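What follows is calculated from the coordinates using simple rules that are stated; it is not laboratory data. Since this is a predicted model, take the numbers as computed values, not measurements. Here Cβ is always computed from backbone atoms with ideal geometry, including for glycine, and neighbour counts include all displayed protein chains.
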Amino acid sequence: MDRIALTGGTPLNGSIRVSGAKNSALKLQAASLLTAEPLVLTNMPELADTRFMVELLAQLGVEIFWPKGSGRLSMHGETLSSSIAPYDLVRKMRATFNVLGPLLAREGHATVSLPGGCAIGARPVDLHLKAFEAMGADIVIEAGYVKAAALRGLKGARVMFPFASVGATEHAMLAATLARGETVLENAAREPEIVDLADCLKAMGAQIEGAGSSTIHIQGVEKLGGATWNVMPDRIEAGTYACCAAAAGGEVLLTSVVPETLSALLDVLTRAGVRVETGPDWVRIARDPATRLKAVDIDTQPYPGFPTDLQAQVMGLVTLASGASIFKENIFENRFMHAPELRRLGADITVRGSEAVVRGVEHLRGAPVMATDLRASVSLVIAGLMAEGETVISRVYHLDRGFERLEDKLSACGAQIRRIKSGEEG
Ligand code: UD1
């Protein structure tokens, strides 16, 4: 298994081009199942997760053309050969579960394994299934599989989510595009990736209004066509590099970003004493490495609140801040697994249930640490950039699920970071 070794203490200077959003790409990939025509995604991130999804789509009969390094993925599901998504593929990553709705809408039936993914809490799929039941599907759970059928097609329905789930909103929206009549999703999630998905579906011929607000109206259509769609920039990747620059000090220009989607983080960074400047599609992050960051409090919330996917990164960042920072995690239980690893570097963190208190210390010292989930892994990179000496992060396959060439992007800005390939000596 690969590891990442980094030595802290060098400021970052340069620019980083942010990749296409993983969390958007995965749902856009699932949309290819809704049409017999080609769906082409550009600005496509090449990640372990997007490759898992391609593997699953291929297994379902979608023809894939994805030249390495092209950033252009073409998916053509002219006819589907299967509507079964097996455990082996779905267990690796939760978003593969999103093929259920499109298969059900197009084929009238689907059998999909219950999902896996990051170990950040229970993460059930009950809201997804309730939405499909409201749309007339019969659902049975048997031997770890969800078997869904709507042999006469799905019908439009009013679906009220008890809380705003990103995955359930996207999944219901995908399926509703081909349902008979109107579907109304209430208390829908408002994340920018939902807007990206809705806009792509509209380019394919879907009728959707209100994506990005809490009520989404979808008027089902007979069929969808193909489209070429540019995946939106990854706000979590952008936010992560913003934290890296804030941690190491120096000046980094992030390009190919949508600054509005980063507002909650940029406010926090400003409060912490980081200089933030934004333009139409860029963000500049600057900090004098001689100055000390200030403590900040974080309360994770659905969009436009502070994203849970950036909580670990900011925790890594404030380990050296002056004062105490309080973190409240409201979206997932068990999402402080990075805290014990950060403590190995010398951080002072106390976790009590869904709250963590980080008391800023004077120094961090490099140590061997372990990545525990996708976002936790980059909090160790951020802390490692500030630590004295070398930090070696193992289990970086977590990081590879969501970050494209992280070590290349950071070393181009002067970071002392390298990948130690499995079998190589550190
Ligand atoms: C998506 C993102 C993930 C992000 C999360 C919250 C992708 C691939 N992943 O995950 O990176 O951290 O949004 O912004 O886009 N829940 C239920 N029942 C359900 C569905 C969800 O109880 O049927 C719970 C979950 O356990 C969790 C909360 O709802 O506690 C939020 O989950 P949700 O918004 O659905 O997140 P995901 O779509 O899984």
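Taking the Cβ of Ala295 as the centre, find all other residues whose Cβ is under 11 Å away and add up their charges (Lys, Arg: +1; Asp, Glu: -1). So the surrounding residues net to +3. All distinct Cα pairs of the chain go into the 1/r average, and the inverse of that average, the Kirkwood radius, is 21.9 Å. Taking label positions 7 Å along the Cα-Cβ direction at both Lys294 and Glu78, the computed distance is 6.2 nm, reported to one decimal. The 3J(HN,Hα) values that the Karplus relation (6.51, -1.76, 1.60; θ = phi - 60°) gives for the range 345-356 are, in residue order, 8, x, 6, 10, 10, 10, 10, 9, x, 8, 10, 9 Hz. Gly and Pro appear as x.
Using a simple spin-label model with pseudo-atoms 7 Å out from Cα toward Cβ, Glu390 and Glu63 lie 5.0 nm apart.
Of all lysines in the structure, those lying under 17 Å Cα to Cα from Lys147, and not within fewer than 8 positions of it along the same chain, are Lys130. Relative to the Cα centre, the charge distribution of the chain, modelled as +1 at Lys and Arg Cβ and -1 at Asp and Glu Cβ, gives a dipole magnitude of about 360 debye. Calculated on the Cα set of the range 22-230, radius of gyration then Dmax: 15.2, 42 Å.
Within the straight-line cut-off of under 30 Å between alpha carbons, the lysines reachable from Lys68 are Lys22, Lys27, Lys92, Lys202, Lys409, Lys421, sequence neighbours fewer than 8 places apart in one chain being disregarded. Under the rule of at least 5 residues apart or a separate chain, name every residue whose amide H is placed under 5 Å from the amide H of His109. Distant-sequence amide H within range of His109: Ala150. Taking a sphere under 13 Å around the Cβ of Thr270 and counting the other residues whose Cβ falls inside, with K and R at +1 and D and E at -1, yields a net charge of +3. For the range 48-57, putting each phi into the Karplus relation 6.51 cos²θ - 1.76 cosθ + 1.60 with θ = phi - 60° gives couplings of 4, 5, 6, 6, 4, 5, 4, 4, 5, 4 Hz, in residue order, rounded to whole numbers and with x for Gly and Pro. Projecting the Cα positions of Leu26, Gly402, His171 onto the charge dipole of the chain (unit charges on Cβ atoms of Lys, Arg, Asp and Glu, taken about the Cα centre) puts Gly402 furthest along the positive direction.
In the chain, helices alone account for a calculated mean residue ellipticity at 222 nm of -8500 deg cm²/dmol, with every DSSP H run of four or more residues adding -39,500 (n - 2.57).
Cross-link partners for Lys328 among the lysines, with Cα-Cα distance under 21 Å and sequence neighbours closer than 8 places in the same chain left out: Lys294. In whole percents, the pair-distance distribution calculated for the range 7-75 from its alpha-carbon pairs, binned every 5 Å from zero, is 3, 15, 27, 22, 10, 6, 6, 5, 4, 2, 0. Here the extension length gained between Thr255 and Asp126 equals 42.6 nm, from 0.36 nm per residue of separation less the Cα-Cα distance. Taken as Cα centroids, the range 43-99 and the range 162-236 sit 19 Å apart, rounded to the nearest whole angstrom. Couplings 3J(HN,Hα) for the range 34-44, derived from phi with the Karplus relation 6.51 cos²θ - 1.76 cosθ + 1.60 (θ = phi - 60°), are 7, 9, 7, 9, x, 10, 10, 10, 10, 6, 7 Hz, where x marks Gly and Pro.
Annotation for the range 297-375: GluC sites (Glu not before Pro) lying in DSSP loop with at most 11 further Cβ atoms inside 10 Å of their Cβ are Glu362.
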